[in-house]
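Asker: Take this structure first; my questions come after.
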Amino acid sequence: MRNIPMIGLLEAYLIGGLGGYVFYLGNLPLPWVLGALTFIMLNQGIFKRPIYCPDPLKQSGFLILGLFFGLYFTKDTLLTVAPYIFPYVLSTIALIAVSIINSVLVTKWISVDKITSVFGSIPGGLSEMVIASESLNARSSLVVIFQTVRLLTVLFMVPFVVVHTFSGSGSVPAANIISSAYEFGGWQYIWFIPAVIGGILLRNKIPAGIVIVPLALTALLNISVIEMATLPPLLLIAAQITVGIGMGKGISFADLKVGGKYCFVYFGLTVTLILVSFGLGTILAAMTSLNLPTAILSVAPGGLIEMVLTATSVGGDPAVVSSLQLIRLLFIIIVVPPVLKWYFGRKLEEKTA
């Protein structure tokens, strides 16, 4: 601990916590994540003060959120999700197809190549898209910028629209649900140890493993005969602030300026994709017994964490949203990059020939 600049860490949490509290007072969606992210980003951009938040600390925030999400799962969740997998995969494929078509079309009017454009706008993991694009000689710096624009647009737009659209549907803020159900679990907290160890060991071996593994293991224990303890609500808030700080630290005004006018183009593509996802979510709700908030948040091209947190505040089913978002995440990360690499690699070979 002597090597850790505690003052810098304390400063980061003061700024992030203040941002979260301001957003909370303003009744804004995902206050502790987006508030911390916004204040940290502004602090770096305006005051030019670097933020200290080591990566293991950010990862711990993701891990804790994975534990919380796993507690939403029951035996009924698996029976509930099973009938929706096929139509959901179809909606995911449709969303990806729209993203690819739109990102290719805009290259006719801007000086960005098709490979860079596709990998910069597809709703997948930022790091996975950058790695895949590098292998095809795309402009990876632009991929990072465009994916950052996409991430920020989704993070702020989807929760805002969904929360304000469904705020009157009898929903209860997640924090209130968790706090009202919290009781100290004593020795029962030992059941979280396998999930924590699994998340740490497999964090780099499974896509988004630091969230998925704790979530999956906690869910498996929760649907078994084991009685899982509830986690303190302050721990959930601390985890959200930590994630917000880590995300805000990674977003630079300088990087966004590099993209220049093209940032607005990819902002427009993301807004279009969000609107398409809302339409697909509405269709999914009409075809199945899912309620509208759950269906829309399941299809929305946002992060798993943000969409599940939003679901808890608008009367959606967090377990169903996390299950379907996991399917989408794995599909995009495992299937999409190899298919795009094969397609564009073949095009490059034909061009060379």
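The values are calculated or read from the model by the stated rules, or taken from the named source; none is laboratory data. Every value quoted in this text rests on a predicted model; they were computed, and no experiment measured them. Cβ coordinates were reconstructed from backbone atoms using ideal geometry, including for glycine residues, and neighbour counts include every protein chain displayed.
Asker: Can you pull out the residues in the range 339-353 that are surrounded by fewer than 13 Cβ atoms within 10 Å (Cβ to Cβ), modelled with pLDDT of 75 or more and either basic (K, R) or in contact with a helix residue (DSSP H, G or I) (Cβ under 9 Å, 6 or more places away or on another chain) (or both)?
Answerer: Answer for the range 339-353, where residues must be surrounded by fewer than 13 Cβ atoms within 10 Å (Cβ to Cβ), modelled with pLDDT of 75 or more and either basic (K, R) or in contact with a helix residue (DSSP H, G or I) (Cβ under 9 Å, 6 or more places away or on another chain) (or both): just R346.
Asker: Now for a different question. For the range 22-47, how many residues are in contact (Cβ under 8 Å) with a residue 40 or more places away in the chain and not in a helix (DSSP H, G or I)?
Answerer: 3
Asker: For the range 188-207, how many residues are at pLDDT below 80 and either buried (at least 21 other Cβ atoms within 10 Å of the Cβ) or in a helix (DSSP H, G or I) (or both)?
Answerer: Matching residues across the range 188-207 total 1.
Asker: Let me ask another. State whether one or more residues within the range 287-308 are at pLDDT 75 or above, exposed (fewer than 14 other Cβ atoms within 10 Å of the Cβ) and of a type outside the set (A, V, I, L, M).
Answerer: yes
Asker: Out of the residues in the range 101-112 that are outside any loop (DSSP other than H, G, I, E, B) and without any contact (Cβ under 8 Å) to a residue 60 or more places away in the chain, state the one that is nearest to M287 (Cα to Cα). It would help to see each step written out before you state the result.
Answerer: If we filter the range 101-112 for residues that are outside any loop (DSSP other than H, G, I, E, B), which is where we start, we get 101-108.
Next cut, without any contact (Cβ under 8 Å) to a residue 60 or more places away in the chain only: 101, 104-105, 107-108.
Details: I101: 26, V104: 31, L105: 31, T107: 35, K108: 37 Å.
My answer is I101.
Asker: Just wondering, is there one or more residues in the range 255-266 that are surrounded by 24 or more Cβ atoms within 10 Å (Cβ to Cβ) and within 23 Å of L105 (Cβ to Cβ)? Steps first, please.
Answerer: First, the residues of the range 255-266 that are surrounded by 24 or more Cβ atoms within 10 Å (Cβ to Cβ): 266.
Still in the running and within 23 Å of L105 (Cβ to Cβ): 266.
So far as the range 255-266 goes, yes, one or more of its residues are surrounded by 24 or more Cβ atoms within 10 Å (Cβ to Cβ) and within 23 Å of L105 (Cβ to Cβ).
Asker: So A82 fits all but one of (1) closer than 22 Å to T242 by Cβ; (2) in a helix (DSSP H, G or I); what number is the exception?
Answerer: (1)
Asker: Can you tell me which of P50, P56 is assigned to a helix (DSSP H, G or I) and either at pLDDT 90 or above or surrounded by fewer than 20 Cβ atoms within 10 Å (Cβ to Cβ) (or both)?
Answerer: After applying the criteria, what remains is P56.
Asker: Against the definition (assigned to a helix (DSSP H, G or I), touching a Leu at 6+ places or on another chain (Cβ under 8 Å) and surrounded by 15 or more Cβ atoms within 10 Å (Cβ to Cβ)), how does L269 come out, yes or no? Steps first, please.
Answerer: Values: assigned to a helix (DSSP H, G or I): yes; touching a Leu at 6+ places or on another chain (Cβ under 8 Å): no; surrounded by 15 or more Cβ atoms within 10 Å (Cβ to Cβ): yes.
Spelling it out, it is not the case that L269 is assigned to a helix (DSSP H, G or I), touching a Leu at 6+ places or on another chain (Cβ under 8 Å) and surrounded by 15 or more Cβ atoms within 10 Å (Cβ to Cβ).
Asker: Something else: What are the pairs, 6+ residues apart or on separate chains, where a residue within the range 71-89 that is of a type in the set (D, E, K, R) has its Cβ under 6 Å from a residue that is surrounded by fewer than 19 Cβ atoms within 10 Å (Cβ to Cβ) and outside any helix (DSSP H, G or I)?
Answerer: K75/I223
Asker: In addition: Given the residues L65, L9, which is the only one that is aliphatic (A, V, I, L, M) and within 17 Å of T310 (Cα to Cα)?
Answerer: Numbers: L9 fails: within 17 Å of T310 (Cα to Cα).
Residue meeting the stated conditions: L65.
Asker: Can you confirm whether the range 315-335 contains a residue that is in a helix (DSSP H, G or I), acidic (D, E) and modelled with pLDDT of 75 or more?
Answerer: Taking the range 315-335 as the starting set, the residues that turn out to be in a helix (DSSP H, G or I) are 318-334.
In the following step, the residues that additionally are acidic (D, E) were identified as none.
Taking every residue of the range 315-335 in turn, none turns out to be in a helix (DSSP H, G or I), acidic (D, E) and modelled with pLDDT of 75 or more.
Asker: Applying the selection to the range 156-184, what residues are part of a loop (DSSP other than H, G, I, E, B) and either hydroxyl-bearing (S, T, Y) or at pLDDT 60 or above (or both)?
Answerer: Just the residues of the range 156-184 that are part of a loop (DSSP other than H, G, I, E, B), to begin with: 167-173, 182-184.
Passing the criteria: S167, S169, S171, Y182, E183, F184.
The rows are residues; the columns are (1) more than 27 Å from L136 (Cα to Cα); (2) aromatic (F, W, Y).
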| site | (1), (2) |
| --- | --- |
| N43 | yes, no |
| I51 | yes, no |
| Y84 | yes, yes |
| T92 | no, no |
| V98 | no, no |
| T107 | no, no |
| V118 | no, no |
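Asker: Quick test of your reading of the structure: V276 fulfils all but one of (1) touching a residue at least 40 places away in the same chain (Cβ under 8 Å); (2) outside any helix (DSSP H, G or I); (3) surrounded by fewer than 23 Cβ atoms within 10 Å (Cβ to Cβ). Name the failing condition by number.
Answerer: Checking V276 against (1) touching a residue at least 40 places away in the same chain (Cβ under 8 Å); (2) outside any helix (DSSP H, G or I); (3) surrounded by fewer than 23 Cβ atoms within 10 Å (Cβ to Cβ), the one that fails is (2).
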